[in-house]
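Input: a single structure, listed below in structure tokens.
The values are calculated or read from the model by the stated rules, or taken from the named source; none is laboratory data. Please read all numbers here as calculations on a predicted model, not as lab measurements. Here Cβ is always computed from backbone atoms with ideal geometry, including for glycine, and neighbour counts include all displayed protein chains.
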Amino acid sequence: MKSSKLKLFWIILTLNICFCRQKTIKDSWEALISKDKEYIHASHHINNILRNNALPISDEEENLLKDLNIKVINNELKVLIPSVMESIYETEHFNIHYDLSASSNNAIDEEDLNNNGIPDYAENMGMIFEYVHSYFKDSLNYDLIFHNNQNSNIEKYNIFINNLPSNYFALTYTTSFINESNTSCGSYIKMRNNYNGSSFQNLSEVDNIKVTAAHEFFHAIQFSYNCYERFWLMEATAVWSEDKIYDNINDHYRYMPSWFQNSSKTIDDESTHMYGSFIFFQYLEEHLGGPDLIKSIWENSRYAANSVNDISFVSINSALKEVGSSFNSAINNMWIANRIMSSHPNAYPFTYEEANTYPVSGPLEIAQLSFANNTVNYTQNAIYKNAANYLKIDLIAPAKIKIDVDNGLEEDIFSTVILKYQNGENWTIKTGNDLNIDPRTKIEWASLLINTQSQDQNSWSYSVSISPGKTEDFNVYNAYPNPLISQNNKFEMKLISAATQNIKINIYNILGQTIRNKNLLLLESEEKTFEWNLKNRHSKKVSSGIYFIEIKGENKRQVKKVTLLN
């Protein structure tokens, strides 16, 4: 430990850009000043004010800036790095600045159980930040290059332990540009001098420091990658990182109930909704490339950074293309997974590993449409970009469900009916704008999902009509597993019949050649499992490739595509 005085200097922030489409200056001032909010990640609000040089217009706003070490000079907001703190605890990669004097509002607890001259609070914070640093660098492979206001690399990143407003987790300040073409910012972090307030009582003090350190240090990395990036992408991925680094703490669960009650909000809404948008990146990680995909998003963001355009969705789509997917496909699947809310393999790829412990069972269904015999009509005048509507469907008789886009292009709307069956973990996904559903196949619940998949329009309207449908011979649950790894040695497919009948199953290869066939007798409302041992009709194991399973009843034909990987 050593004492020192840190030279006072001004840092002029020149980010005169505005991503106010979602996050307004008024929103940020109100959030920072509010005493009613239980907790707040304040970094994006402060940096929103700094980006837009939003000068204070009230005494309350001026006092807040003073508390945050931000001053107005020549009508410009300037960030003030803390000038004097009593002590610095140096770790390999960090300078932890702190006060002990009782006369300082920033004073930390003096307890030093190992008698090494370093207060346990500062020592624990240093160890936690070193672990976070190591995880981002060695496990997630991020570039950890930070700069000061002279555009020079810094040897150690600065953490200041301060007396922050009672409901602030921490603050990460952007400081200076490297240069206009690089679009990278330096930064420093302010952590709380205690996490004992009522806002933080759900976790121990150490756990609060852990998730906050992960969250805020990722902001420091984000600013070094692209200082212009949208706040929603910064915050959603920062929340994702908390759980990636400290999987068992689960503080991020606090954002889920509100988010799932508001699926009709856009995924990039920059109110507190954006914290819950971590669920999208959780889905991406689990199904489309692991944590490397999230890093790829930030690498694409760094490459495409500019001060004018929103490139958050461009960066996401570019990263997804690298793994053979797309933003539209990924977000469609996420919306389905959010309704199923299961970790059961039968639901794959619409699963979450921690679904059984999430504090939600699914999203809010904004309407309930009940059908017996008479036509039912429903109109939604506005569904927004990157948002979803869920409607509960109650059926007594077979029904035809038709979705019409009243304003906008039909291809901009993705619609699907999600069916959950009784007595087991089985689902069917029926996609399209003209669907037939027969409730006699032991349906536990049915949800109609409608979401947008275009960046070229802000709002659409649509209509739903439910009219008499036709009796269905059978339904097929989601085929599992798919893709199929050959060491599992079998492929299973469950069927349920609405009427007694013979079902014919034919398996073809990509050339249309018959590989295997089988007949099944299904009684009314009976469920049966079809198993394929991955052998052809000559009892020889088939090779890797794409296969088509044709299921034919008396009045219905359905084809499932299966990918086999040996």
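Does F146 meet the test of being modelled with pLDDT under 85 and in contact with a helix residue (DSSP H, G or I) (Cβ under 8 Å, 6 or more places away or on another chain)? Yes: the conditions hold for F146.
When restricted to residues that are buried (at least 17 other Cβ atoms within 10 Å of the Cβ) and polar (S, T, N, Q), segment 379-435 contains 8.
Looking for something surrounded by 21 or more Cβ atoms within 10 Å (Cβ to Cβ), acidic (D, E) and in contact (Cβ under 8 Å) with a residue 24 or more places away in the chain - is there at least one such residue anywhere in segment 218-233? Checking segment 218-233: at least one residue is surrounded by 21 or more Cβ atoms within 10 Å (Cβ to Cβ), acidic (D, E) and in contact (Cβ under 8 Å) with a residue 24 or more places away in the chain.
Each residue in segment 169-182 was checked for being in a loop (DSSP other than H, G, I, E, B) and at pLDDT 75 or above, and 1 of them qualify.
In the set S166, S187, S199, only one residue is within 17 Å of H133 (Cβ to Cβ) and at pLDDT below 95; that residue is S187.
Filtering E86, E92, E60, E38 for residues that are in a loop (DSSP other than H, G, I, E, B) and modelled with pLDDT of 85 or more leaves a single hit, E92. Can you say whether N436 is without any contact (Cβ under 8 Å) to a residue 24 or more places away in the chain and of a type in the set (S, T, N, Q), as far as the supplied structure shows? It is false that N436 is without any contact (Cβ under 8 Å) to a residue 24 or more places away in the chain and of a type in the set (S, T, N, Q).
For segment 526-542, give me each residue that is surrounded by 14 or more Cβ atoms within 10 Å (Cβ to Cβ) and not in a strand (DSSP E or B). Once the filter is applied, which keeps residues that are surrounded by 14 or more Cβ atoms within 10 Å (Cβ to Cβ) and not in a strand (DSSP E or B), segment 526-542 yields E526, L534, N536, V542.
Among the residues of segment 312-348 satisfying the criterion of being free of Cβ contacts under 8 Å to residues at least 60 places away in the same chain, in contact with a Gly (Cβ under 9 Å, 6 or more places away or on another chain) and crowded, with 17+ Cβ neighbours inside 10 Å, which is farthest from E444 (Cα to Cα)? Step by step, filter segment 312-348, then rank; the result is A319. Looking only at segment 271-302, count every residue that is out of contact with any helix residue (DSSP H, G or I) (no Cβ under 8 Å at 6 or more places or on another chain), without any contact (Cβ under 8 Å) to a residue 40 or more places away in the chain and part of a helix (DSSP H, G or I) and tell me the total. So the answer is 0. Has segment 115-132 got at least one residue that is in contact with a His (Cβ under 7 Å, 6 or more places away or on another chain), modelled with pLDDT of 90 or more, surrounded by fewer than 22 Cβ atoms within 10 Å (Cβ to Cβ) and in a loop (DSSP other than H, G, I, E, B)? Checking segment 115-132: not a single residue is in contact with a His (Cβ under 7 Å, 6 or more places away or on another chain), modelled with pLDDT of 90 or more, surrounded by fewer than 22 Cβ atoms within 10 Å (Cβ to Cβ) and in a loop (DSSP other than H, G, I, E, B). Cβ separations smaller than 6 Å between residues 6+ apart or across chains give the following pairs from segment 95-112 residues that are within 17 Å of I81 (Cβ to Cβ) and surrounded by 16 or more Cβ atoms within 10 Å (Cβ to Cβ) to residues that are modelled with pLDDT of 90 or more and aromatic (F, W, Y): I96/Y89; H97/F160. Checked against (1) assigned to a strand (DSSP E or B); (2) surrounded by fewer than 16 Cβ atoms within 10 Å (Cβ to Cβ); (3) under 29 Å from the mean Cα position of the chain (by Cα), P359 meets all criteria but (1).
The rows are residues; the columns are (1) of a type in the set (A, V, I, L, M); (2) more than 17 Å from S263 (Cβ to Cβ).
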{"residue": "K385", "(1), (2)": "no, no"}
{"residue": "D406", "(1), (2)": "no, yes"}
{"residue": "G424", "(1), (2)": "no, yes"}
{"residue": "I429", "(1), (2)": "yes, yes"}
{"residue": "S454", "(1), (2)": "no, yes"}
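Would you check if D247 is at pLDDT 85 or above and within 20 Å of E285 (Cα to Cα)? So D247 passes the test. The condition of being over 17 Å from I297 (Cα atoms) and not basic (K, R) holds for only one of E235, E229, E216, that being E216.
Of the numbered criteria (1) in contact with a strand residue (DSSP E or B) (Cβ under 9 Å, 6 or more places away or on another chain); (2) closer than 28 Å to A238 by Cα; (3) at pLDDT 80 or above; (4) not in a loop (DSSP other than H, G, I, E, B), the one K26 fails is (1). Number of residues in segment 526-566 that are closer than 24 Å to K430 by Cα, touching a strand residue (DSSP E or B) at 6+ places or on another chain (Cβ under 7 Å), touching a residue at least 60 places away in the same chain (Cβ under 8 Å) and not basic (K, R): the value is 9.
So N373 fits all but one of (1) at pLDDT 95 or above; (2) in a loop (DSSP other than H, G, I, E, B); what number is the exception? Here N373 meets the rest and fails (1).
Across segment 199-246, the qualifying residues are those that are among the small types (G, A, S) and under 21 Å from L50 (Cα atoms), and the one among them that is farthest from the chain's Cα centre (by Cα) is S224.
Of the strands (runs of 3 or more DSSP E) entirely within segment 411-453, those holding at least 1 residues that are of a type in the set (D, E, K, R) and closer than 19 Å to M334 by Cβ occupy 413-421, 427-431.
For every residue, the table says whether it meets (1) polar (S, T, N, Q); (2) part of a loop (DSSP other than H, G, I, E, B); (3) in contact with a Leu (Cβ under 7 Å, 6 or more places away or on another chain).
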position	(1), (2), (3)
N248	yes, yes, no
T266	yes, yes, no
D269	no, yes, no
V314	no, no, no
N328	yes, no, no
P349	no, yes, no
